[in-house]
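K.L.:
I'd like to ask some things about the structure below.
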Amino acid sequence: MTDISAVDRREKVAPLAPAGLISEAGVGDYLALMKPRVMSLVVFTAFVGLMIAPGHIHPVLGFTALLCIAIGAGAAGALNMWYDADIDAIMTRTASRPIPSRRVTPGEAAGFGLTLGGFSVGVLALLVSWLAAALLAFTIFFYVVIYTVWLKRRTPQNIVIGGAAGALPPMIGWAAVTGSVSLESFLLFLIIFLWTPPHFWALSLLRADDYARAQVPMLPVVAGPRETRRQIVLYSLLLAPAGLTPWLFGSAGVLYAVTAAVAGVLMIALSWRVNRAHEGEGADRAARGLFSYSILYLFTLFAMLLIERGLPILAGHAAI
Amino acid sequence: MAGEPERVTLTPEQLRRRRARSIAIALALAALVILFYIVTLVKGPGVLNRPI
């Protein structure tokens, strides 16, 4: 296990605040702090949780819940960028983020993240549901404190455990409608939780040099690419059957089951291809292919849940 | 006697960005007010009834 002192690393990089006291940040820089691409997946999975939950929520309240979840995710992203500014400055993939590129000061990012976090949780509690708000607060806490501050620089299991934060949004959406959590919403959590390791490890295989330079103990850096590839296959073998659990437990239909089965087999096949391709352009291509496909995999499964829920409604309209 | 206080002169670009940030904050606050107003209309008398 690698334990890297954040203080040591902060001393090695140049001061991140701009020389003057006047902020030069534009609105776009603040939007970038919210990690919009991550946010889009969070909103989509939360939307599916909200739509397939039993019961009814007024569209305005549903929109409010999704808005709060999106802003809460943005808050977590901003606080993550605030804490990780030192390693972001070292890694090629993240060097152009607003703090390392000195468009936003760390203090501005921290203030922005705390404000958004407070407002998103508060508004969700006041307007929609206390339980959903509590889950959102826990998600932000987990991502920032447990993942970013505690695990990311200490253990190669960082994204395995930290993945719980990214897996919670469908449960929040579900809780916004029902005021409770249930087995069905936990299954959605489980799918994203098991999906996270192969997804991020495929990326980290491509960026291992970056992580090594920043001394982030990602699995390829600590245990090597071979072990990473092996674990990608293992998690894909767990993910594929987990993808079928909504059908097995009766919360999804046959259409979903067939889609999840085919998508799961493809996930395993692409993971196996990553495991077989050891070096060179072929290895990079296999890892890149798995990374891209994993996004499609998650999107397809959740979209299918949504379609199945929408089909009876559409059929009802057609009958009328 | 104290000398002239130090002043910072903003560049046109800094002024433009500060104005953009101020407008964004104003729009966000206005959106929040509108959101609370609409939710109050939607919930009616049950606006304080929030499920746990």
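The values are calculated or read from the model by the stated rules, or taken from the named source; none is laboratory data. What you are looking at is a predicted structure, and each value in this text was computed from that prediction instead of being measured. When we count neighbours, we look across all protein chains shown, and the Cβ atoms used for this are built from the backbone with ideal geometry, even at glycine. Accessible surface areas use protein heavy atoms only, side chains included; no ligands, DNA or RNA. Shrake-Rupley method; radii C 1.70, N 1.55, O 1.52, S 1.80 Å.
K.L.:
Which of (1) within 14 Å of another protein chain (Cβ to nearest Cβ); (2) touching a residue at least 40 places away in the same chain (Cβ under 8 Å) does A:THR148 not meet, given it meets every other one?
P.N.:
Answer for A:THR148: the failing condition is (1).
K.L.:
Filter segment A:105-142 down to residues that are part of a loop (DSSP other than H, G, I, E, B) and touching a Gly at 6+ places or on another chain (Cβ under 9 Å) and give me whichever is farthest from A:VAL181 (Cα to Cα).
P.N.:
It comes out as A:VAL128.
A quick yes/no check of all residues on (1) within 11 Å of chain A (Cβ to nearest Cβ); (2) modelled with pLDDT under 95; (3) not in a helix (DSSP H, G or I):
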| site | (1), (2), (3) |
| --- | --- |
| B:ALA2 | no, yes, yes |
| B:VAL8 | yes, yes, yes |
| B:LEU15 | yes, yes, no |
| B:ILE25 | yes, no, no |
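K.L.:
For A:PHE47, which of the numbered conditions (1) within 14 Å of chain B (Cβ to nearest Cβ); (2) more than 20 Å from A:ASP88 (Cβ to Cβ); (3) open to solvent by 50 Å² or more (accessible area, probe 1.4 Å); (4) at pLDDT 90 or above fails to hold?
P.N.:
So A:PHE47 meets the others, but not (1).
K.L.:
Next question. Is it fair to say A:ARG102 is modelled with pLDDT under 95, open to solvent by 10 Å² or more (accessible area, probe 1.4 Å) and within 14 Å of another protein chain (Cβ to nearest Cβ)?
P.N.:
Here the answer is yes, as A:ARG102 does meet what is asked.
K.L.:
Taking the stated definitions as given, is A:ALA175 closer than 22 Å to A:ALA252 by Cα, touching a helix residue (DSSP H, G or I) at 6+ places or on another chain (Cβ under 6 Å) and open to solvent by less than 20 Å² (accessible area, probe 1.4 Å)?
P.N.:
Spelling it out, A:ALA175 is indeed closer than 22 Å to A:ALA252 by Cα, touching a helix residue (DSSP H, G or I) at 6+ places or on another chain (Cβ under 6 Å) and open to solvent by less than 20 Å² (accessible area, probe 1.4 Å).
Per-residue answers, yes or no, for (1) within 14 Å of another protein chain (Cβ to nearest Cβ); (2) over 30 Å from A:PHE249 (Cβ atoms); (3) crowded, with 22+ Cβ neighbours inside 10 Å; (4) at pLDDT below 95:
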| position | (1), (2), (3), (4) |
| --- | --- |
| A:LEU114 | no, yes, no, no |
| A:LEU126 | yes, yes, no, yes |
| A:ILE140 | no, no, yes, no |
| A:LEU168 | no, no, yes, no |
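K.L.:
Among the residues of segment A:225-251 satisfying the criterion of being modelled with pLDDT of 95 or more and of a type in the set (Gly, Ala, Ser), which is farthest from A:ILE295 (Cα to Cα)?
P.N.:
The extreme case among them is A:ALA242.
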